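The values are calculated or read from the model by the stated rules, or taken from the named source; none is laboratory data. Just so it is clear, the structure is predicted and the values come from calculations on it, not from any experiment. Here the Cβ is made from the backbone with ideal geometry for all residues, glycine too, and neighbour counts use every protein chain on show.
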Amino acid sequence: MAVTIGSIGSSGSPVIRISVAGVLSTPPTAFDATVDTGFTGFLAMPIMSALPLGLALYGTTSVQFGDGSTASRFTALGVATLGQESQAGVILLEPSSTEVLVGMEFLRKFEKSILMHRGFILLLDQQGVDKGLKVIADALEQQPPVPEPSEPGNPPRSAYLSDAELEAYFKPRPGDLSHGFAVGGL
């Protein structure tokens, strides 16, 4: 079984467990955060959840939402932790939201790519992505050519890896925790 670091939330979006702390040695607090690839920032969180963390107020910024509307928001400096790695960044403070969001800047700073498969969320580093792509490329090379759909009696053959092939690749091996995954869990 693959090392799972997240899951699909009730809204159908990927959710990961992170910790957030202020920049002045405050103890971190764990949050289940939604991965929002439409959010270009680092982290967004409810202002009421942010206040107890001792985040350092950074300023204000203008944000544009998916519907095209804009608004001003306070920002703060904080530290997010994913697994054993921590990164500092600008946190958007939301006055009425109830969820924590991680955005594209978060994934860039942690140098992670997201893989979703059957309810599992994996965050892979570059080495893990490279290994996974090689496994897929090798498997595709070994498959017979996909028949043309127009040939009678030859339905198109799937070019996807089987569940067993995916699980064999992503299965952690004893003593190998550097399999390209950010190790953690919900």
In this structure, does A71 turn out to be crowded, with 17+ Cβ neighbours inside 10 Å and part of a strand (DSSP E or B)?
no
Checking G132 against (1) of a type outside the set (A, V, I, L, M); (2) surrounded by fewer than 18 Cβ atoms within 10 Å (Cβ to Cβ); (3) over 26 Å from T29 (Cβ atoms), which single condition isn't satisfied?
(2)
Exactly one of (1) surrounded by fewer than 19 Cβ atoms within 10 Å (Cβ to Cβ); (2) modelled with pLDDT of 85 or more; (3) among the small types (G, A, S) is unmet by G119. Its number?
(2)
Take segment 81-99 and flag every residue that is in contact with a helix residue (DSSP H, G or I) (Cβ under 7 Å, 6 or more places away or on another chain) and surrounded by 15 or more Cβ atoms within 10 Å (Cβ to Cβ).
Q87, G89, I91, L93, E94
Got a number for residues in segment 1-59 being assigned to a loop (DSSP other than H, G, I, E, B) and either within 19 Å of the chain's Cα centre (by Cα) or free of Cβ contacts under 8 Å to residues at least 24 places away in the same chain (or both)?
19
Within segment 59-68, how many residues are buried (at least 16 other Cβ atoms within 10 Å of the Cβ) and either modelled with pLDDT of 95 or more or among the hydroxyl-bearing types (S, T, Y) (or both)?
0
Cβ pairs under 6 Å, 6+ apart, first in segment 123-144 and over 11 Å from E111 (Cβ atoms) and at pLDDT 80 or above, second surrounded by 10 or more Cβ atoms within 10 Å (Cβ to Cβ) and aliphatic (A, V, I, L, M)
none
